[in-house]
Amino acid sequence: MHNKQRILIIDDEDNMRHMLSSVLVRLGYQVESAANGRLGLETLAAQEFDVVLCDIRMPEMDGIETLKEIKALNPAIPVLIMTAFSSVETAVEALKTGALDYLIKPLDFDSLQHTLEKALADKHRIAILLVHHLRKMNDDDPMNMISGTTGLSGATDSNFVLRKSKRRENTATLYCTGRDIPYRELALEFDGED
């Protein structure tokens with residue numbers, strides 16, 4: 001997912017757009033911004049984006065109406081609603097309308113980064129595995145074979161083994177098996193970044 005994911009920010013506050021753009025660019029995202037819902041929809045219609053961050057209180061067209069139009073244009077795109085004026089009713093309405101999440105301003109940037117990563121992982125159908133136990137397998141080069149298990153209280157739910165034949169190769173095989181998943185061998189290719 002390192003192909004510079006594209007984020008559209010829709011917010012009528014200049015300072016918020018510039019600050020958010022700056023933070024997201026430093027995190028490695030490509031960012032475009034729009035000063036209102038109509039401009040945001042025009043930008044979204046002309047370009048492809050991976051995630052939209054949209055303020056809820058804007059003149060002319062508020063965030064809920066903008067969200068409805070975004071979902072009509074592209075139902076699959078994750079939309080995160082932002083607001084400085086939170087209420088349970090607004091949050092419920094945003095989520096029912098199709099927002100992936102509801103963020104309260106001032107934004108916590110660690111939380112924002114986590115939410116964006118989850119939105120992008122969901123959009124690209126990437127599973128994020130939590131490995132409770134990690135060990136290096138017997139091999140001449142310990143980085144070539146790594147295994148892990150998931151489970152609670154010592155009971156193993158799933159086993160994963162990642163095997164590379166050589167450390168510098170950009171391919172590997174991930175072997176997966178477990179109580180709730182059939183045995184699989186997945187061929188992986190790394191892009192060479194990071």
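Segment R26..E117, full-extension length gain: 31.3 nm, with 0.36 nm per residue of separation and the alpha-carbon distance subtracted. For the modelled label position 7 Å from the Cα of A84 along Cα-to-Cβ, which residues of the stretch 1-39 have backbone nitrogen atoms closer than 12 Å? Residues 12-17 fall inside that zone.
Extension gain, K96 to R184, is 28.0 nm, computed as 0.36 nm per intervening residue step minus the present C-alpha separation. Please go through the stretch 1-85 and write out the chymotrypsin sites (Phe, Trp or Tyr not before Pro) that DSSP classes as loop and that have at most 10 other C-beta atoms within 10 Å. For chymotrypsin sites (Phe, Trp or Tyr not before Pro) across the stretch 1-85 that sit outside H, G, I, E and B with at most 10 neighbouring Cβ atoms in 10 Å, the list reads F85. Placing unit charges on the Cβ atoms of the charged side chains and taking the dipole of the stretch 25-97 about its Cα centre, the candidate lying farthest along the positive direction among L73, T43, A94 is A94. Of the peptides 95-101, 182-188, 31-37, the order by per-residue mean of other Cβ atoms within 10 Å, starting with the highest, comes out as 31-37, 95-101, 182-188. For the set K96/K118; K71/K123; K4/K123; K4/K164; K68/K123; K71/K96, the pairs lying more than 22 angstrom apart at their alpha carbons are K4/K164.
Each principal axis of the Cα atoms in the stretch 1-46 has its own extent, and those three values, largest first, are 30, 25, 9 angstrom.
Any read-out appearing in this document is the output of simple, stated calculations on the displayed coordinates, not a laboratory observation. Note that the coordinates shown come from a computational prediction; the quantities given were computed from them, not determined experimentally. Because the Cβ atoms are built from the backbone with ideal geometry, glycine has one as well, and the counts that use them run over all protein chains shown.
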